[in-house]
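Input: a single structure, listed below in structure tokens.
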Amino acid sequence: MDSRTVALIRTTFKAVAAEEGGPEKLASSFYATLFSDYPHARDFFPAAMDSQRDRLVKAISYTLDRLEEPDRLLPFLAQLGRDHRKYGVKPEHYVAVATSLKTAMRRFTDTEMWTEEIDTAWDEGLAVIAETMIEAAEEETTPAVWTGTVVERRVVLRNLIVVRLRLDQPMNYAAGQYVSVQVPSRPRMWRYLSPAVPANADGEIEFHIRGVFGGWVSPAIVGQTKIGEQWLLGSPLGGLGVPRNIERKMLMICRGTGVAPLRAQLMAMAQRRTNPEVHLFVGGHHPCDLYDLETLSRLAAANPWLTVTPVSESDANPWWYAGSGAPEAELPGLRPRLTGQIGKVVAGLGPWSDRDVQIVGSPSMVQTTKFRLMAAGMQTEYIRHDPLF
């Protein structure tokens, strides 16, 4: 697409998004149109659509922001195409989605603004997206869906568990990627989880799941997961990872269960002969939220290139926490725990201009940390995080 086409698409989307309630109205109109004009499409979506609507708007925003970066956008779309095979999506379904999205956009765009040129621009942009996803799906030879059997469920905190599964066949994901997961108690409600271990020939995989208050899926996983039940997993997604030939030092920052994809990368790197220096900051609200320090301690003690610094916003654990054990200061390989908001703490210890940065956590944590690093002089091109949806 040329720059004129990209500008027209972005301008119309931003005009709709800027209106009060614009993103929500756009998503609602899109799904209403899709389900009305293509009733069979309803079967691909969960009964509760709140999260789905929010995810749609974020996906559109992420894609439009990268229309002029094909080296980043096209691999992302190809991953989505491979992942969408789990729904049984066919080329005609992409046509239905594109048509419904353009109809919704036109409905909320000023009549005088929606010109024939803008109509053509949206047709071109949506065609590129659909064709990339369809082509990737058709060329893929791996399974559309993996089945995983729960072989271990371990309670870490009252709202956090570690689940280990054995897949029906190995999944060749890269350490740092994430996968969509569907559990028996929440059919058609796929959620993204990051493996906490590298891929292995035995098909064993581990997830760290925290129950989100008011959520549809995570509380069900934390409270209802049983040994022997079967989960469905989609194709791996995401672009985090540390290439073997990297020369720059690494700065990794995570909060809560965001430690999982970073830990998987560190485990994979530990199998290599040489690595750049890596400084990992692992954060949580309370000290007990730093639940994986023993594993990180063993990694740091065995690998001189790795430095681990724990960070908590509070020095005290919550009243309900009854855990015991050695303080993190007694664990080998760890720096003394620091207190404060993790983004502020890390930015204040810089400069980190000689580092490549990865940030994993909630959308608000990622954005806040990213802005603090940029304010401290870090260039955006060296900061990576996965799409926030």
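Which of the residues that make up the range 206-247 are over 19 Å from Val151 (Cα atoms) and loosely packed, with under 13 Cβ neighbours inside 10 Å?
Hits for the range 206-247 are Phe213, Gly214, Pro243, Arg244, Asn245, Glu247.
Do we have Gly350 as under 21 Å from Gly238 (Cβ atoms) and not aliphatic (A, V, I, L, M) here? Let's see the steps before the verdict.
Numbers: under 21 Å from Gly238 (Cβ atoms): no; not aliphatic (A, V, I, L, M): yes.
No, not satisfied.
Residue under question is Leu67, and the condition is that it be buried (at least 16 other Cβ atoms within 10 Å of the Cβ), in contact (Cβ under 8 Å) with a residue 40 or more places away in the chain and not in a helix (DSSP H, G or I); does it hold? Steps first, answer last, please.
On the way: buried (at least 16 other Cβ atoms within 10 Å of the Cβ): yes; in contact (Cβ under 8 Å) with a residue 40 or more places away in the chain: yes; not in a helix (DSSP H, G or I): yes.
Answer is yes for this residue.
Considering only residues that are modelled with pLDDT of 90 or more and of a type in the set (Asp, Glu), look in the range 66-121 and name the one that is farthest from the chain's Cα centre (by Cα).
Glu116
Considering only residues of the range 23-53 that are charged (D, E, K, R) and under 21 Å from the mean Cα position of the chain (by Cα), which is least open to solvent (accessible area, probe 1.4 Å)?
Pass one, the range 23-53, residues charged (D, E, K, R): 24-25, 37, 42-43, 50, 53.
Then keep just the ones that are under 21 Å from the mean Cα position of the chain (by Cα); that gives 50, 53.
Numbers: Asp50: 106, Arg53: 79 Å².
Only one residue fits best here, namely Arg53.
Restricting the search to the range 80-134, which residues are among the acidic types (Asp, Glu), under 19 Å from Ala17 (Cα atoms) and assigned to a helix (DSSP H, G or I)? Steps first, please.
Of the residues in the range 80-134, the ones among the acidic types (Asp, Glu) are 83, 92, 110, 112, 116-117, 119, 123-124, 131.
Pick out the ones that are also under 19 Å from Ala17 (Cα atoms) and you get 110, 112, 119.
Asp119, the sole residue that qualifies.
Restricting to the range 290-322, give me the number of residues that are of a type in the set (Val, Ile, Thr), within 20 Å of Thr257 (Cβ to Cβ) and open to solvent by 20 Å² or more (accessible area, probe 1.4 Å). Outline the logic, then answer.
So the first thing to find is which residues in the range 290-322 are of a type in the set (Val, Ile, Thr), and the list is 295, 307-309, 311.
Remaining after also requiring within 20 Å of Thr257 (Cβ to Cβ): 295, 308-309, 311.
In the following step, the residues that additionally are open to solvent by 20 Å² or more (accessible area, probe 1.4 Å) were identified as 295.
Counting residues in the range 290-322 that are of a type in the set (Val, Ile, Thr), within 20 Å of Thr257 (Cβ to Cβ) and open to solvent by 20 Å² or more (accessible area, probe 1.4 Å) gives 1.
Within the range 248-294, which residues are in a loop (DSSP other than H, G, I, E, B) and either in contact with a helix residue (DSSP H, G or I) (Cβ under 6 Å, 6 or more places away or on another chain) or over 21 Å from Trp319 (Cα atoms) (or both)? Write out each step before concluding.
The initial filter retains those residues of the range 248-294 that are in a loop (DSSP other than H, G, I, E, B), namely 248, 270-277, 285-286, 290-292.
Selection gives Arg248, Ala270, Gln271, Arg272, Arg273, Thr274, Asn275, Pro276, Glu277, Asp292.
So which pairs qualify, if the first residue must be in the range 1-29 and in contact (Cβ under 8 Å) with a residue 24 or more places away in the chain and over 15 Å from Thr120 (Cβ atoms), the second must be open to solvent by less than 70 Å² (accessible area, probe 1.4 Å) and of a type in the set (Gly, Ala, Ser), the Cβ gap must be under 7 Å, and the two must be at least 6 apart or on different chains?
Sorted first by the residue in the range 1-29, then by its partner, the pairs are Val16/Gly22; Pro23/Ala17; Leu26/Ala104; Ser29/Ala104.
Any residue in the range 336-347 that is under 15 Å from Gly256 (Cβ atoms) and assigned to a loop (DSSP other than H, G, I, E, B) sitting within a Cβ distance under 9 Å of a residue that is open to solvent by 70 Å² or more (accessible area, probe 1.4 Å) and basic (Lys, Arg)? List the pairs, counting only those 6 or more apart or interchain.
Gln341/Arg372
Limited to the range 157-169, what total is found for residues that are at pLDDT below 95 and within 22 Å of the chain's Cα centre (by Cα)?
Selection size over the range 157-169: 1.
Could you please find all residues in the range 101-119 being open to solvent by 50 Å² or more (accessible area, probe 1.4 Å) and in contact (Cβ under 8 Å) with a residue 60 or more places away in the chain? Full working, then the answer.
Filtering the range 101-119 down to residues open to solvent by 50 Å² or more (accessible area, probe 1.4 Å) leaves 106-108, 110-113, 115-117.
Arg107, Phe108, Asp110, Met113, Glu117, listed by residue number.
Residue check: is Arg372 of a type outside the set (Gly, Ala, Ser), touching a Leu at 6+ places or on another chain (Cβ under 6 Å) and either closer than 20 Å to Ala300 by Cα or at pLDDT 95 or above (or both)? It would help to see each step written out before you state the result.
On the way: of a type outside the set (Gly, Ala, Ser): yes; touching a Leu at 6+ places or on another chain (Cβ under 6 Å): no; either closer than 20 Å to Ala300 by Cα or at pLDDT 95 or above (or both): yes.
No; evaluated as a whole, the condition is false for this residue.
In the range 157-175, which residues are open to solvent by less than 40 Å² (accessible area, probe 1.4 Å) and touching a strand residue (DSSP E or B) at 6+ places or on another chain (Cβ under 9 Å)? Break it down stepwise before answering.
Keep residues of the range 157-175 that are open to solvent by less than 40 Å² (accessible area, probe 1.4 Å), which gives 157, 160-163, 165, 167, 171, 173, 175.
Once the filter is applied, which keeps residues that are open to solvent by less than 40 Å² (accessible area, probe 1.4 Å) and touching a strand residue (DSSP E or B) at 6+ places or on another chain (Cβ under 9 Å), the range 157-175 yields Leu157, Leu160, Ile161, Val162, Val163, Leu165, Leu167, Met171, Tyr173.
For the range 87-98, indicate whether the set of residues that are of a type in the set (Asp, Glu) and loosely packed, with under 15 Cβ neighbours inside 10 Å is non-empty. Write out each step before concluding.
In the first step, residues of the range 87-98 are kept if they are of a type in the set (Asp, Glu); the result is 92.
From what's left, loosely packed, with under 15 Cβ neighbours inside 10 Å: 92.
Yes: one or more hits.
Can you tell me which of (1) over 20 Å from Thr5 (Cα atoms); (2) open to solvent by 50 Å² or more (accessible area, probe 1.4 Å) is the one Glu124 doesn't meet?
(1) is the only condition that Glu124 fails.
The values are calculated or read from the model by the stated rules, or taken from the named source; none is laboratory data. This one's a predicted model, so the numbers in the text were calculated from it and none came from an experiment. Glycine also receives a Cβ, built like all others from the backbone with ideal geometry; neighbour counts cover every protein chain displayed. The accessibility values were calculated without ligands, DNA or RNA, using every heavy atom of the protein model including side chains. Shrake-Rupley method; radii C 1.70, N 1.55, O 1.52, S 1.80 Å.
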